[in-house]
Amino acid sequence: MSSDARFTAVARCLHWLMAVLVIAMLFIGVFMVGSISDFHLLVTIHEPLGLAILLFALIRIGWRLRHTPPPWPPGMTRLDRLVAKYSERLLYVLLVLQPLFGWGLVSASGQPIVLFGSWYLPAIAPANITVFAALLWAHIVAAYVLYFTFAAHLAGVLWHTLVVRDGVLYRMTFGRVRNRTPEPVKQP
């Protein structure tokens, strides 16, 4: 497989950085639900981390729109490619919406979002209990959809890497170039 079968180095860096941030956020979210004693500490991590995910998601989407992705590995069927394409788009949407829902629900609660020290984010929703409840519900639903989409993405990568062995993971890694797999199929 040639080096043309990989995403750009910037895209790969953004991918793995965001993977670490999202995994951390998923764990923090789970602990926030189950830990009253550490809730405030977790919120002080959760809010700036959510803003970082939003910023990196927007940078990544901008990068993705300006750079053509590498061709699909030859082992991927048409259905595989459609699922990969639309699950990627769903992840991008969720990585933008989820932090916005969180920012909005904190704004609707009337509480400021503290970034670092005395740096605050402006409110993006009116302080209102009905708006708060709607945004909290949206934040929870989006968290579950994000969790399952992320898990499905990971399962698909593992399937193609360990069972099909078509080089899907290679497209996002930094290792040396290997010539074991046939030429990839161009993306439509």
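The values are calculated or read from the model by the stated rules, or taken from the named source; none is laboratory data. Given the structure is predicted, the values throughout are model-derived calculations rather than measurements. So basically every Cβ, Gly included, is an ideal-geometry build from the backbone, and we count neighbours across all protein chains shown. Side chains included, ligands, DNA and RNA excluded: accessible areas come from the protein's heavy atoms. Shrake-Rupley method; radii C 1.70, N 1.55, O 1.52, S 1.80 Å.
When only residues in segment 141-150 that are more than 15 Å from Glu47 (Cα to Cα) and open to solvent by 30 Å² or more (accessible area, probe 1.4 Å) count, which is nearest to the chain's Cα centre (by Cα)?
Phe150
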Quiz item: Out of (1) open to solvent by less than 30 Å² (accessible area, probe 1.4 Å); (2) modelled with pLDDT under 90, what's the single condition that is false for Ile53?
Solution: (2)
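Of all the residues that make up segment 52-99, how many are hydrophobic (A, V, I, L, M, F, W, C) and over 10 Å from the mean Cα position of the chain (by Cα)?
Looking only at that region, the number is 14.
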Quiz item: For segment 103-138, how many residues meet the condition of being without any contact (Cβ under 8 Å) to a residue 60 or more places away in the chain and open to solvent by less than 40 Å² (accessible area, probe 1.4 Å)?
Solution: 8
Quiz prompt | Pair list, Cβ < 9 Å and 6+ apart or interchain, from segment 31-60 residues that are farther than 16 Å from Pro112 by Cα and touching a residue at least 12 places away in the same chain (Cβ under 8 Å) to residues that are buried (at least 18 other Cβ atoms within 10 Å of the Cβ) and of a type in the set (Phe, Trp, Tyr) | solution = Leu54/Trp103
